[in-house]
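First comes the structure, then the notes that go with it.
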Amino acid sequence: MSNLKMKEAALIYLDRSGGLQKFIDDCKYYNDSKQSYAVYRFNVLINPSDIVELDAELGNHILHQPLKAAQVFQSVCYIAVKTLSLIGQLQTETQINIVLKLTHLPPLPSYYLDLCEFPRDYTSQRFYTMQGIVIAMTTVTKYTQGARFLCSDEACPLSKGFQYIRVHVPGATESATVRNDFLCNLCSSSLQEDRKFRVLGDKQIVEIITAESLHAFQGYCNNQPFRFQSLTVFLRDESVNKMNIGNEYKVIGIPTCVKTSQTAVCVEANSITFCIPKVPSGISDNFRCLLSLTSSSCWKFTAILANIFASQIVPPGTYNLLKLCLLMSLVQTSDRNKELENFLDILIVTSDTLLIDRLLNFSISLVPRGIRHSVSTEIFPTVSRNKYGTGAVSIQAGSALLAKGGICLIGDLASHKKDKLEQLQSAVESRSITVYISGKKFGDDVDQQMTFPVQCSFWSFLDMDSPSRRNIQKTNMLIGQMDCSLIPANLVEAFALLINCSESSPCHPLLPTVQHTLKKAIDPEGLLYLASKQFTTEDFEKLLAFAKNLNVEFSLEAERMIHGYYLASRRIRTDSICGSKLSASALKYL
């Protein structure tokens, strides 16, 4: 009686939600094809809140026993097909494969799978919500949705018809659906697959990590040790190619255990939603007060910001030009899934790499996607064999794609090899990177290539006092010029801003910096300046998060100034006698 009541509730829900009409339309597609299938697959959209209000028992089955709940809908749909004569070729109920697609799960802790907590539940075979950033993905391959088996003994009644139908269920491997050791329940003879009835679907595997794991890729942290591990997500059929490397998604799926070379917890994805972060409601009271006090000028607020920025790393009033440029680059970052057009790549030439490195590390920690690239890893995507043995090729994100919408700090430019620098130049100029997949190497008939957008700003620096530079005889240079001879000129040209942070510059007095360094060595956690106490790191985080989501428009005066500057610059560049060598890219950034 209980099962009959749930079937009745399922039919009522399908009728009210429009799912019954969609099911009829899908059946018409199968019936019109005139092809006999072993399995007929149907997606049923489920709103758990509506189901629970209609019938609590059926709702409980969907949330906690989804495989049994699918059987209830399978039975209802089979009766509908036979009653309404929707698919003439359908013979048995087992040929109907129902996939329940959930719109959401209850916002309760027991339905959330935290990627940072152990152990993870993979035994209950129920739905969980998890959230993470895609760090790797495979190419799309095929898997068996369903297959028809027949008894090998021709005298057996089960050697005909559609009595033995095997369908993929969440967590099952390919061998669980198709293999050669199945036996007939009636005569115990071996079963043989009727291959012409095999139904194939698309499959893709992605790896995700929780957003908190990105702290491991940021150079400036609280030095608290922690570990993180990626979670493997299986995408099938309509979910394939719905996730992109570098984006953050909310996934509803069923955790399961997959045994490869080592046992791993994986998730069969049911539904995928792109995560849109919340926009901060405003800035801190201290910054609000400062903005009010400086409202008479359009420059004062920004100038004070640059002056006091990163006072934990350098004294206020030092490196102001560099700090202003860093703030401009930080405010160009984005948490939204949109095609960014404004990047501000920065290359710094300095003789004090330690201090500059600390300043850059601190700065990237102020945005969610500030990634410090390690020389031992790759900046751009790499290709490897998939560890799950599916024949697919796995593409690892690399630092640049992981920093999507943020900053990729690649450190000393001279520490990278020539081929990596050429790759960097190509990516900065075209804002894309192409990955080539060798068919011969990975067992495919043809070569493939995949192109990914590079949506981050690059920060780097050059050490003027490196050993390789000391042996170079420096020629007399004009004021403002810098020696970048060890780096290809085209790569230097590709960066939007080239900043000179030489100690000889009056903008970088030595004494305050030395005093700051000594005081920090004595009291690392101490706040040495009033600015550090009034405007905290959290205040700057809120300010940047708020500012980068503002819709900014040029005033009429600004547009006139830019237009006049552009015309003047064009005249200078086209003058054959007194012309400047200002490049088109430099003009664009200016």
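The values are calculated or read from the model by the stated rules, or taken from the named source; none is laboratory data. Bear in mind the structure is a predicted one, so any value in this text is a computation, not a measurement. Here Cβ is always computed from backbone atoms with ideal geometry, including for glycine, and neighbour counts include all displayed protein chains. Surface accessibility is based on the protein's heavy atoms, side chains included, excluding ligands, DNA and RNA. Shrake-Rupley method; radii C 1.70, N 1.55, O 1.52, S 1.80 Å.
Restricting attention to the stretch 437-470, and to residues there that are at pLDDT 90 or above, touching an Asp or Glu at 6+ places or on another chain (Cβ under 8 Å) and part of a strand (DSSP E or B), which single residue is most open to solvent (accessible area, probe 1.4 Å)? The qualifying residue most open to solvent (accessible area, probe 1.4 Å) is Pro453. Selection of first residues in the stretch 249-264 that are loosely packed, with under 13 Cβ neighbours inside 10 Å and of second residues that are modelled with pLDDT under 60, restricted to Cβ pairs under 8 Å at least 6 apart or on distinct chains, gives the following pairs, ordered by first then second residue: Cys257/Thr263. Candidates are the residues of the stretch 303-326 that are out of contact with any Ser or Thr (no Cβ under 7 Å at 6 or more places or on another chain), closer than 21 Å to Ala496 by Cα and touching a residue at least 24 places away in the same chain (Cβ under 8 Å); the one that is most open to solvent (accessible area, probe 1.4 Å) is Leu321.
Total residues in the stretch 6-57 satisfying the condition of being within 15 Å of Gln95 (Cβ to Cβ) and open to solvent by less than 70 Å² (accessible area, probe 1.4 Å): the figure is 13. Looking only at the stretch 68-78, filter to residues that are touching a strand residue (DSSP E or B) at 6+ places or on another chain (Cβ under 9 Å) and open to solvent by 30 Å² or more (accessible area, probe 1.4 Å); which one of those is farthest from His168 (Cα to Cα)? Here the answer is Tyr78.
Restricting attention to the stretch 90-148, report how many residues are in contact with a Cys (Cβ under 7 Å, 6 or more places away or on another chain) and not assigned by the TED database to the domain that holds Lys68. Quick ask: steps written out before the conclusion?
Quick first cut of the stretch 90-148, residues in contact with a Cys (Cβ under 7 Å, 6 or more places away or on another chain) only: 96, 98, 122, 131.
Then keep just the ones that are not assigned by the TED database to the domain that holds Lys68; that gives 122, 131.
Counting residues in the stretch 90-148 that are in contact with a Cys (Cβ under 7 Å, 6 or more places away or on another chain) and not assigned by the TED database to the domain that holds Lys68 gives 2.
Just give me the residues in the stretch 295-327 being closer than 23 Å to Thr353 by Cβ and β-branched (Val, Ile, Thr), in sequence order. Ile313, Val314, Thr318 - these are the residues of the stretch 295-327 that are closer than 23 Å to Thr353 by Cβ and β-branched (Val, Ile, Thr).
With respect to Ala70, determine if the residue is assigned to a helix (DSSP H, G or I), among the small types (Gly, Ala, Ser) and not assigned by the TED database to the domain that holds Glu238. Working first, answer last.
Details: assigned to a helix (DSSP H, G or I): yes; among the small types (Gly, Ala, Ser): yes; not assigned by the TED database to the domain that holds Glu238: yes.
Answer is yes for this residue.
Given the options Leu409, Leu360, Leu366, name the one that is crowded, with 24+ Cβ neighbours inside 10 Å and part of a loop (DSSP other than H, G, I, E, B). Let's see the steps before the verdict.
Values: Leu409 fails: part of a loop (DSSP other than H, G, I, E, B); Leu360 fails: part of a loop (DSSP other than H, G, I, E, B).
Within the list Leu409, Leu360, Leu366, the selection yields Leu366.
Hey, among the residues in the stretch 80-90 that are assigned to a helix (DSSP H, G or I) and more than 43 Å from the chain's Cα centre (by Cα), which one's surrounded by the most Cβ atoms within 10 Å (Cβ to Cβ)?
Result: Lys82.
The C-beta contact set for the stretch 402-430 (first residue modelled with pLDDT of 90 or more, second residue aromatic (Phe, Trp, Tyr) and part of a helix (DSSP H, G or I), distance under 9 angstrom, 6+ apart or interchain) comprises Leu402/Phe217; Ala403/Phe217.
Yes or no, residue by residue, for (1) at pLDDT 90 or above; (2) open to solvent by 60 Å² or more (accessible area, probe 1.4 Å):
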{"residue": "Pro107", "(1), (2)": "yes, yes"}
{"residue": "Tyr111", "(1), (2)": "yes, no"}
{"residue": "Arg120", "(1), (2)": "no, no"}
{"residue": "Ser124", "(1), (2)": "no, no"}
{"residue": "Ala136", "(1), (2)": "yes, no"}
{"residue": "Ala155", "(1), (2)": "yes, yes"}
{"residue": "Ile165", "(1), (2)": "yes, no"}
{"residue": "Val169", "(1), (2)": "no, yes"}
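Within the stretch 519-554, the set of residues being among the polar types (S, T, N, Q), open to solvent by less than 60 Å² (accessible area, probe 1.4 Å) and not in a loop (DSSP other than H, G, I, E, B) comprises Ser532, Thr537. Pairing residues of the stretch 150-163 that are touching a residue at least 40 places away in the same chain (Cβ under 8 Å) with residues that are part of a loop (DSSP other than H, G, I, E, B) and open to solvent by 90 Å² or more (accessible area, probe 1.4 Å), at Cβ distances under 8 Å and at least 6 apart in sequence or on separate chains, gives Leu150/Lys160; Cys151/Leu186; Gly161/Gln91; Phe162/Gln91.
Every condition in (1) farther than 26 Å from Arg198 by Cβ; (2) more than 34 Å from the chain's Cα centre (by Cα) holds for His64 except the one numbered (2). Within the stretch 547-570, residues that are among the polar types (S, T, N, Q) sit with their Cβ atoms under 6 Å from residues that are open to solvent by less than 100 Å² (accessible area, probe 1.4 Å), at 6+ positions apart or across chains, in these pairs: Asn549/Val279; Ser569/Leu587. Checking Thr333, Thr353 one by one, the residue that is under 30 Å from Leu530 (Cβ atoms), in contact with a strand residue (DSSP E or B) (Cβ under 9 Å, 6 or more places away or on another chain), hydroxyl-bearing (Ser, Thr, Tyr) and surrounded by fewer than 23 Cβ atoms within 10 Å (Cβ to Cβ) is Thr353 and no other.
Of the residues making up the stretch 75-87, just one is touching a helix residue (DSSP H, G or I) at 6+ places or on another chain (Cβ under 6 Å) and more than 26 Å from Leu58 (Cα to Cα), namely Ile87. Kindly indicate the residue of the stretch 532-571 that is within 30 Å of Ser365 (Cα to Cα) and among the hydroxyl-bearing types (Ser, Thr, Tyr) and also modelled with the lowest pLDDT among those meeting that condition. Ranking the candidates gives Ser532 first. Applying the criterion of being small (Gly, Ala, Ser) and surrounded by fewer than 19 Cβ atoms within 10 Å (Cβ to Cβ) to the residues of the stretch 179-215, the residue that is nearest to Leu366 (Cα to Cα) is Ala211. In the stretch 22-33 there is at least one residue matching the filter, namely being assigned by the TED database to the domain that holds Ile79, more than 14 Å from Tyr78 (Cα to Cα) and not in a helix (DSSP H, G or I). When you check Ala155 against the structure, is it in contact with a helix residue (DSSP H, G or I) (Cβ under 7 Å, 6 or more places away or on another chain) and either among the small types (Gly, Ala, Ser) or not in a loop (DSSP other than H, G, I, E, B) (or both), yes or no? No, not satisfied.
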